[in-house]
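Down below is the structure, laid out as structure tokens.
Bear in mind that the values in this text are calculations on the coordinates, not laboratory data. Since the structure is predicted, the reported quantities are computational estimates derived from the model, not experimental observations. Neighbour counts run over all protein chains shown; Cβ positions are idealised from the backbone, glycine included.
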Amino acid sequence: MSEYERIKEFHTKLVGVTHDNDDGTSRQKIIGRCRIGENLKLVRQPNNIYDSNAVAICRESGEQVGWLSRTVAEEIVRRGKEGEQFSIEISDLTGGTRSRPTLGVNVKIGVCKI
């Protein structure tokens, strides 16, 4: 991201992490292979039947780990249309314990301009 200037960053958690992907892969198993600091990709899904602003979050390999919440996705899409760029990385992995067996993903999104 050297050609970009980071102007802001914020944290949020991913949603849909307990669902399986369309290809049948388990997001929970994929998240189990993720690491804090790992760079992810924001993948717009404008043809999503539930939300035209949907943004899937995927590993560099293309494996989907979850989604941005509806409100965050709407903001990302709007700001993207205004020319802003975004970076995203895992800031924390939660759960995976006896009392909280479900894994969760918290991310840091950097807002950048060229």
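Among the GluC sites (Glu not before Pro) within segment 12-97, those in coil by DSSP and having at most 13 neighbouring Cβ atoms inside 10 Å are 60, 82.
Proximity of backbone amide H atoms, modeled 1.01 Å from N, is registered between residue 9 and 111 at under 5 Å, excluding neighbours fewer than 5 places apart on the same chain. Going by alpha carbons, how many degrees (0 to 90, nearest 10) lie between the helix axis of 70-81 and the longest principal axis of the chain? For helix 70-81, the angle is close to 30 degrees.
Computed on the chain, with alpha-carbon pairs under 8 angstrom and 6+ residues apart, the relative contact order is 36 percent. Note on the chain: with a GNM built from Cα contacts shorter than 10 Å, the maximum mean-square fluctuation among 57, 30, 90 falls on 30. Length available on full extension from residue 97 to residue 25: 0.36 nm per residue minus the Cα-Cα distance, which gives 23.8 nm. Our coupling estimate for segment 57-64, obtained by passing each phi through the Karplus curve with A = 6.51, B = -1.76, C = 1.60 and θ = phi - 60°, is 10, 10, 6, 4, 6, x, 5, 7 Hz, Gly and Pro reported as x. So if R0 is 22 Å, what FRET efficiency would residue 81 and residue 49 give, r being the distance between their Cβ atoms, rounded to the nearest 0.05? Efficiency computed from Cβ-Cβ geometry: 0.55. Close amide H contacts of residue 91 (hydrogens built in the peptide plane, cut-off under 5 Å, sequence separation of 5 or more or a different chain): 37, 106, 107, 108.
Proximity of backbone amide H atoms, modeled 1.01 Å from N, is registered between residue 66 and 57 at under 5 Å, excluding neighbours fewer than 5 places apart on the same chain. The number of Lys pairs in the chain with C-alpha atoms less than 21 Å apart, excluding pairs fewer than 8 positions apart on the same chain, is 13. Ignoring the sites themselves, the chain has its longest run without trypsin sites (Lys or Arg not before Pro) in a DSSP loop having at most 13 other Cβ atoms within 10 Å at 36-97.
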